[in-house]
1. What is the residue count in segment 187-210 for residues that are touching a residue at least 24 places away in the same chain (Cβ under 8 Å) and either of a type in the set (Asp, Glu) or in a strand (DSSP E or B) (or both)?
2. What is the residue count in segment 211-253 for residues that are part of a loop (DSSP other than H, G, I, E, B), of a type outside the set (Val, Ile, Thr) and either surrounded by 13 or more Cβ atoms within 10 Å (Cβ to Cβ) or touching a strand residue (DSSP E or B) at 6+ places or on another chain (Cβ under 6 Å) (or both)?
3. Please find, among Ser135, Ser215, Ser153, the residue that is within 15 Å of the chain's Cα centre (by Cα) and polar (S, T, N, Q).
4. Output yes when any residue across segment 139-153 is farther than 22 Å from Pro70 by Cα, outside any loop (DSSP other than H, G, I, E, B) and assigned by TED's automatic domain parsing to the domain that holds Tyr290, and no when none is.
5. Which pairs have Cβ atoms under 6 Å, sit 6 or more apart or on different chains, and link a residue in segment 164-184 that is closer than 20 Å to Ser315 by Cα to one that is part of a loop (DSSP other than H, G, I, E, B) and of a type in the set (A, V, I, L, M, F, W, C)?
6. In this structure, is Pro256 touching a strand residue (DSSP E or B) at 6+ places or on another chain (Cβ under 7 Å) and in the same structural domain as Val149 (by TED's automatic domain parsing)?
7. Among the helices (runs of 4 or more DSSP H) lying completely within segment 51-94, list those that include at least 2 residues that are modelled with pLDDT of 65 or more and in the same structural domain as Ala310 (by TED's automatic domain parsing).
8. If Pro261 satisfies every condition in (1) under 18 Å from Val320 (Cβ atoms); (2) in contact (Cβ under 8 Å) with a residue 24 or more places away in the chain but one, which is the exception?
Amino acid sequence: MPPSFRVFPRWEAARSYFGPGAHIALLPGAVGIHLFIRRLERTRNSTMTTLSSAATGLTPPEYGALVEQPVAALSVAFLAGTLVGTKAHTFHVPVLTSDVVLGPVAEGAEIDPSDATFDELAVTPVKFAGLSIVSRELIDDSSPSASEVVGRSIARQISESVDKALLNPQAGINPQGLADLDGISTVDAGATLTDLDPFQAALATSERNGGQLTSWITDADTALAMATLKEASTSNRSLLTADMTVDGRRQLLGRPIYVSPQCPAGKVYGVSGKDLLVIQREGTRLDVDYSAYFSSDRVGVRGSMRVAFAMPTPSAHVIVSIGDDEDPSS
């Protein structure tokens, strides 16, 4: 008898053993009626519908981590910005529009009151999601579980979608990113990159506007052009330095360079990390559902994450444009 079946003398005993969620079938046997029970793996009273931990070795929070952790590691938005978690549908960021006015005051004299003024930036995280349909046999028999592999694949696609929204002009429901940001600072590096002067200018521009560039984001070809810049025509020493914290990563003027295939060619984004808030709504999910595709004996694997960006000081960020005669912010 297969291990997923048991025989019980009474209906009540079966219900007591398996609980009300079990599927019970009555089949005639040689001696009267026996109850054959087949348990369907399912998670009850959970925020996610997943395979049971006995079948996969993973609990629901760990399933969410299969999406959240790879996205945080792969997405340049998460690497360059400041992550802020929220449970709210809309996240409100206070924006200081004018400081308190103060000055020297004589001893014993009254201090004139002055109020800081604020505006507010409201940001609603947008859902990034993917769905894959896999055969039940593959889910049950594979090691590591196919649901884990699919979950990581969905995480990669989410990270690419998040970075695309950050670095490119977007329409529709996509969150506003750096490319769509009104008031972002720009530096024109000319037709070709010959030295690091445009990036020194970017640092000064950000500092002039209250920012502090903490990283650079660019495409692979532009990163190569930056890496091949030499100290002198007779030197083979690169102007870039190695990032001692991560193998293979380079630094420009002491700031790490993040390479993204989603970054437009010839663009280098100078990011002020404290002024780029990556708003992530809590509840990253990896849902595994046996029921939707029951008739074809397949399983749906769905991953989702809600993300948006808030940039309260647009001019703290800088776009360095290389070989582009158009507006660098375009």
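The values are calculated or read from the model by the stated rules, or taken from the named source; none is laboratory data. Please read all numbers here as calculations on a predicted model, not as lab measurements. With ideal geometry, Cβ positions are generated from the backbone for all residues, glycine too; neighbour counts draw on all protein chains shown.
1. 3
2. First, pick out the residues of segment 211-253 that are part of a loop (DSSP other than H, G, I, E, B): 211-214, 219, 228-229, 231-237, 239-240, 243-249, 253.
Cutting the leftovers down to of a type outside the set (Val, Ile, Thr) gives us 211-213, 219, 229, 231-233, 235-237, 239-240, 243-244, 247-249, 253.
Filter once more, so that each one left must be either surrounded by 13 or more Cβ atoms within 10 Å (Cβ to Cβ) or touching a strand residue (DSSP E or B) at 6+ places or on another chain (Cβ under 6 Å) (or both): 211-213, 219, 229, 239-240, 243, 249, 253.
The number of residues fulfilling the criteria is 10.
3. On the way: Ser135 fails: within 15 Å of the chain's Cα centre (by Cα); Ser215 fails: within 15 Å of the chain's Cα centre (by Cα).
After applying the criteria, what remains is Ser153.
4. In the first step, residues of segment 139-153 are kept if they are farther than 22 Å from Pro70 by Cα; the result is 140-141.
From what is left, the residues that are outside any loop (DSSP other than H, G, I, E, B) are 140-141.
Next cut, assigned by TED's automatic domain parsing to the domain that holds Tyr290 only: 140-141.
Yes, because at least one residue in segment 139-153 is farther than 22 Å from Pro70 by Cα, outside any loop (DSSP other than H, G, I, E, B) and assigned by TED's automatic domain parsing to the domain that holds Tyr290.
5. Leu167/Cys263; Leu181/Met311
6. Details: touching a strand residue (DSSP E or B) at 6+ places or on another chain (Cβ under 7 Å): yes; in the same structural domain as Val149 (by TED's automatic domain parsing): yes.
Here the answer is yes, as Pro256 does meet what is asked.
7. Working: elements: 53-56, 60-74, 76-80.
Hits in segment 51-94: 60-74, 76-80.
8. With respect to (1) under 18 Å from Val320 (Cβ atoms); (2) in contact (Cβ under 8 Å) with a residue 24 or more places away in the chain, Pro261 is out only on (1).
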